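**Student:** Would you mind keeping the following structure in view while I ask a few things?
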Amino acid sequence: MKITRSRKFQINLLIILQHIAKDKLSASKIFQKELDKLIKNIPNFPYKHRESIYFNDKNVRDLIYKKYTINYEINLEKNSIEILNIFNQNKPL
């Protein structure tokens, strides 16, 4: 499966990484590395994570990482996964 990242996801991730880096640059790098690893693993078990509570679609899932929710959409016809957004669970952007 091909993984794509939406522009919204990329922008919000950059904002989050910059915020983390204010306190500790190495923590920001670790966060990004671990998140990339989780995202790359999604195609192995695309339905592993819960159905999204933010969308009314069984193909949109919520991956929870630390205190963040990462929404992604599974498209079996196109054999692809699109990473839609990332946000703090308590403060959706």
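**Student:** Among the residues of the range 55-83, write down those that are more than 23 Å from ILE15 (Cα to Cα), in a strand (DSSP E or B) and of a type outside the set (Val, Ile, Thr).
**Tutor:** Listed by number, the residues that qualify are ASN75, SER80.
For every residue, the table says whether it meets (1) exposed (fewer than 11 other Cβ atoms within 10 Å of the Cβ); (2) touching a Leu at 6+ places or on another chain (Cβ under 9 Å); (3) in contact (Cβ under 8 Å) with a residue 24 or more places away in the chain.
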residue	(1), (2), (3)
GLN32	no, yes, no
TYR47	no, no, yes
LEU76	yes, no, no
ASN79	yes, no, yes
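**Student:** Could you list all residues from the range 1-10 that are of a type in the set (A, V, I, L, M, F, W, C), farther than 16 Å from THR69 by Cβ and modelled with pLDDT of 95 or more?
**Tutor:** If the condition is that a residue be of a type in the set (A, V, I, L, M, F, W, C), farther than 16 Å from THR69 by Cβ and modelled with pLDDT of 95 or more, then ILE3 is the only one that fits.
**Student:** Say we look at the range 34-45 and pick out the residues that are in contact with a strand residue (DSSP E or B) (Cβ under 8 Å, 6 or more places away or on another chain) and loosely packed, with under 13 Cβ neighbours inside 10 Å; which of these is nearest to LEU76 (Cα to Cα)?
**Tutor:** Restricting to residues being in contact with a strand residue (DSSP E or B) (Cβ under 8 Å, 6 or more places away or on another chain) and loosely packed, with under 13 Cβ neighbours inside 10 Å, the top hit is LYS40.
**Student:** From the residues in the range 50-63 that are modelled with pLDDT under 95 and among the hydrophobic types (A, V, I, L, M, F, W, C), which one is surrounded by the fewest Cβ atoms within 10 Å (Cβ to Cβ)?
**Tutor:** Checking each candidate, the answer is ILE53.
**Student:** Surrounded by 12 or more Cβ atoms within 10 Å (Cβ to Cβ), among the β-branched types (Val, Ile, Thr) and either in contact (Cβ under 8 Å) with a residue 60 or more places away in the chain or on the phi > 0 side of the Ramachandran plot (or both): is that true of THR4 in this structure?
**Tutor:** Answer is yes for this residue.
**Student:** So ILE86 clears everything in (1) among the β-branched types (Val, Ile, Thr); (2) buried (at least 17 other Cβ atoms within 10 Å of the Cβ); (3) assigned to a loop (DSSP other than H, G, I, E, B) except one condition, right? Which one?
**Tutor:** Only one criterion in (1) among the β-branched types (Val, Ile, Thr); (2) buried (at least 17 other Cβ atoms within 10 Å of the Cβ); (3) assigned to a loop (DSSP other than H, G, I, E, B) is unmet by ILE86, namely (3).
**Student:** How about the range 1-54: which of its residues are part of a loop (DSSP other than H, G, I, E, B) and over 15 Å from the mean Cα position of the chain (by Cα)?
**Tutor:** MET1, LYS24
**Student:** Those residues that are among the polar types (S, T, N, Q), surrounded by 15 or more Cβ atoms within 10 Å (Cβ to Cβ) and free of Cβ contacts under 8 Å to residues at least 24 places away in the same chain, I need them from the range 10-30; list them, please.
**Tutor:** SER28
The values are calculated or read from the model by the stated rules, or taken from the named source; none is laboratory data. Keep in mind that what you see is a predicted model, and the values were worked out from it rather than measured. Every residue, glycine among them, receives a Cβ derived from its backbone with ideal geometry; neighbour counts consider all protein chains shown.
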